[in-house]
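To keep things clear, I will list the structure first and then write my remarks on it.
The values are calculated or read from the model by the stated rules, or taken from the named source; none is laboratory data. Every value quoted in this text rests on a predicted model; they were computed, and no experiment measured them. Cβ sites come from the backbone with ideal geometry, for glycine too, and all protein chains shown count toward neighbours. Heads up: the accessible areas ignore ligands, DNA and RNA and are worked out on the full protein's heavy atoms, side chains in. Shrake-Rupley method; radii C 1.70, N 1.55, O 1.52, S 1.80 Å.
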Amino acid sequence: MRNAIDQATIDALHALCAELEAEPRILILTGAGGVFASGADIAQLRERRAADALAGINANCFVRIHELPMPVIAAIDGYALGGGAELAYAADLRIGTPALKMGNPETGLGIIAAAGASWRLREIVGEARAAELLLTGRLVGADEALAIGLVTAVHEASGLMDAAHALADRIAANDRAATIAMKRALAAPRAAHPQVDLELQAELFESPEKERRMTAFLEKRSRR
């Protein structure tokens, strides 16, 4: 399978996460050869048993990706199936190409999408749409993915990475500490709000960068 989510891929993603946890930076996930990720390696998956399922090989990796301090962008060209789709769901932002095809056909293989789809997809597209997609295993094309909010933009394949980098540059132009705090606030459960927002804001209110940026904004406005 092309760009399969096999053990070697999971190992490489864990190594990448370790780097980005130590030195937070924006991450862009993408595939190659017109495929984002064609799903799990079925030959490996067929041999796995209950203990392997309980180990959460893909699930734990994708949780780690989602919990990276800085935003994660998935740039999706072509197929993102099964575990590949769940990897994309773990990103904070998703953009795609007209060739995008996403879905979770796991129940047709006698298993479920157990690496995040059951809760992340519901949060992204709503409970009813997530249930329909996960229970039928139907694939979603680019137009529908954009309409239901699964991706936020569609670009031609030749411009996909330029668009991803432009999005990353736009985020990077903002204050790094504020971006990290905003991601933490977005990840917090509803019961934690508004207290989590107030605590994060309190930290930022004491930041020299907040003072610098607001002073620059006011000086720029006064010159208009």
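Structure data summary
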quantity	calculated
Wholly enclosed strands (runs of 3 or more DSSP E) of the stretch 67-182 bearing at least 3 residues within 30 Å of Glu203 (Cβ to Cβ) and open to solvent by less than 30 Å² (accessible area, probe 1.4 Å)	72-76
Ile28 farther than 21 Å from Leu139 by Cα and in a strand (DSSP E or B)	yes
Of all residues making up the stretch 5-27, the number that are of a type in the set (A, V, I, L, M, F, W, C), under 19 Å from Gly116 (Cβ atoms) and in contact (Cβ under 8 Å) with a residue 40 or more places away in the chain	6
Criterion violated by Leu54 - all others in (1) buried (at least 21 other Cβ atoms within 10 Å of the Cβ); (2) more than 10 Å from the chain's Cα centre (by Cα) satisfied	(1)
Residues located in the stretch 76-92, provided they are over 8 Å from the mean Cα position of the chain (by Cα) and closer than 13 Å to Asn3 by Cβ	Ile76, Asp77, Gly78, Tyr79, Ala80, Leu81, Gly82, Gly83, Gly84, Ala85
Among (1) touching a Pro at 6+ places or on another chain (Cβ under 6 Å); (2) open to solvent by 50 Å² or more (accessible area, probe 1.4 Å) - the single one Pro24 does not satisfy	(2)
